[in-house]
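Beneath this line is the structure, given in structure tokens, with notes to follow.
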Amino acid sequence: MLPVGAFSDDDARRVILRALRLLAIVTAVALPFVWWKLGWQSAALLAVGAAISGAGLWKWLRLMAAVMARMDSGDAEAKARPMGRVLMGFFLTLGLMLLVLYVSLKYLDGSGD
């Protein structure tokens, strides 16, 4: 186990990418079983939940990369992407994920009443 001080930006990036890969594998394995046992609505809800989780992890990775680039560079304006645009994309994606979650629960026999 690495001490916290030895955990680098690349290590954090690899952890998030591994989590995305694990999410894809678990979803691909579980989806046929859920479809067979619980029906297509539950399988669709599983797929929507996995997509929302994956999008959230991806956005955290991008936000982390933007913050680290800004912290690591001495001249933050030269290399780093504008933080306002990154944050706006992050929060817009969160809002879109909330909307997708509501619609999927409402129309796929979830509990979105």
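The values are calculated or read from the model by the stated rules, or taken from the named source; none is laboratory data. All values reported here derive from a predicted model rather than from experimental measurement. Here the Cβ positions follow ideal geometry from the backbone for every residue, glycine too, while neighbour counts run over all protein chains shown. Side chains are part of the model used for accessible areas, which takes the heavy atoms of the whole protein and leaves out ligands, DNA and RNA. Shrake-Rupley method; radii C 1.70, N 1.55, O 1.52, S 1.80 Å.
Numbers at a glance
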{"read-out": "Test result for ILE25, under 18 Å from the mean Cα position of the chain (by Cα), modelled with pLDDT of 85 or more and open to solvent by less than 50 Å² (accessible area, probe 1.4 Å)", "value": "no"}
{"read-out": "Of the criteria (1) touching a helix residue (DSSP H, G or I) at 6+ places or on another chain (Cβ under 6 Å); (2) in a helix (DSSP H, G or I); (3) modelled with pLDDT under 80, which one ILE52 fails", "value": "(3)"}
{"read-out": "Filtered residue count, segment 9-22, keeping only those that are over 13 Å from LEU57 (Cβ atoms), open to solvent by 50 Å² or more (accessible area, probe 1.4 Å) and without any contact (Cβ under 8 Å) to a residue 40 or more places away in the chain", "value": "1"}
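Residue-by-condition table, conditions (1) modelled with pLDDT under 85; (2) part of a loop (DSSP other than H, G, I, E, B); (3) of a type in the set (D, E, K, R):
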site: ARG62; (1), (2), (3): no, no, yes
site: ALA66; (1), (2), (3): yes, no, no
site: ARG81; (1), (2), (3): yes, yes, yes
site: VAL86; (1), (2), (3): yes, no, no
site: PHE90; (1), (2), (3): no, no, no
site: THR93; (1), (2), (3): no, no, no
site: LEU98; (1), (2), (3): no, no, no
site: TYR102; (1), (2), (3): no, no, no
